[in-house]
Amino acid sequence: MTHYFTDNADLPSDRKEIRWTFRGHEFIFLTDTGVFSRDRVDYGTGVLLETALSERFTGRLLDLGCGYGVVGIVLKTFYPDAEIEACDINSRSVELAGLNSNINHASVHTVVSDRFEKITGTFSAILANPPIRAGKETVYGMFQESYDHLDAGGVFLAVVRRQQGAESALRKITGIFGNAEAVQKDKGYWVIRAVKGKIDELTGLC
């Protein structure tokens, strides 16, 4: 069985176009079989982005597990001066993210990478809608590696549904970062925020 959190490029392709309006801006996304939330932008992704836009992110940002590119493209649209990188283990998703970057006129650098395998350097912020069904080892590995790839004072944001383990994810992230809080809760989706080093003056909070 293939999953969206694996490289399933051999699946038959059946692309479709979806439209999504966010903060008054209409985005167009190509999706396909074998990618996460093919038929519509996942509600949790919208909750994550609403939280992200309460920050004043600058510098280098990472959309970790990017799917077909929603988070990175929206970030680039609202933070045009930021450098956006987007990665996913699913090569089909990454190809779509690149196409969607062009369609939406949002320059995002995309890379096929198993978590941080092909990612270099550090980031001022990392955002993730982690693949919970991939299992705790994978998801918790994403949390730890995100800490390792953040600048001092860098922000980590992850969205997790409560019924899929948001409370345990909050505890795990707290254990890694030494701090974390659920800064948004919406229809069962929790956005968990942590800061590397807890240097609040560097995080760009509004």
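Quick note: the coordinates plus some simple rules give every number you see, no bench work behind them. Since we're looking at a predicted model, the values are computed, not measured. In this analysis, Cβ positions are derived from the backbone assuming ideal geometry, glycine residues included, and neighbour counts consider all displayed protein chains.
Once the chain from Asn102 to Thr122 is taken as fully extended at 0.36 nm per residue, the excess over their C-alpha distance is 4.7 nm. Once the Cβ-Cβ distance of Arg133 and Asp186 is raised to the sixth power relative to R0 = 22 Å, the FRET efficiency obtained is 0.55. May I ask for the angle, rounded to the nearest 10°, between helix 136-148 and the longest principal axis of the chain, with both axes built from Cα atoms and the value confined to 0 to 90°? Roughly 60 degrees between the two axes. The angle between the Cα long axis of helix 166-177 and the longest principal axis of the Cα atoms of the chain comes to about 60 degrees, rounded to the nearest 10. A crude spin-label estimate for the pair Leu11 and His25, with each label 7 Å from Cα along the Cβ direction, gives 2.8 nm. With respect to the chain, whose longest principal axis is taken over its alpha-carbon atoms, helix 43-52 is tilted by about 50°. Kirkwood analysis of segment 53-152, using all unique Cα-Cα pairs, places the hydrodynamic radius at 13.4 Å.
Counting neighbouring Cβ atoms within 10 Å and putting the fewest first, the residues Ser13, Ser107, Ser101, Ser93 line up as Ser13, Ser107, Ser101, Ser93.
Per-residue Cβ neighbour counts within 10 Å put Val74, Val183 in the sequence Val183, Val74, beginning with the fewest. Just add up the charged neighbours of Leu75: K/R +1, D/E -1, any other residue whose Cβ is under 15 Å from the Cβ of Leu75. Around Leu75, the surrounding residues sum to -2.
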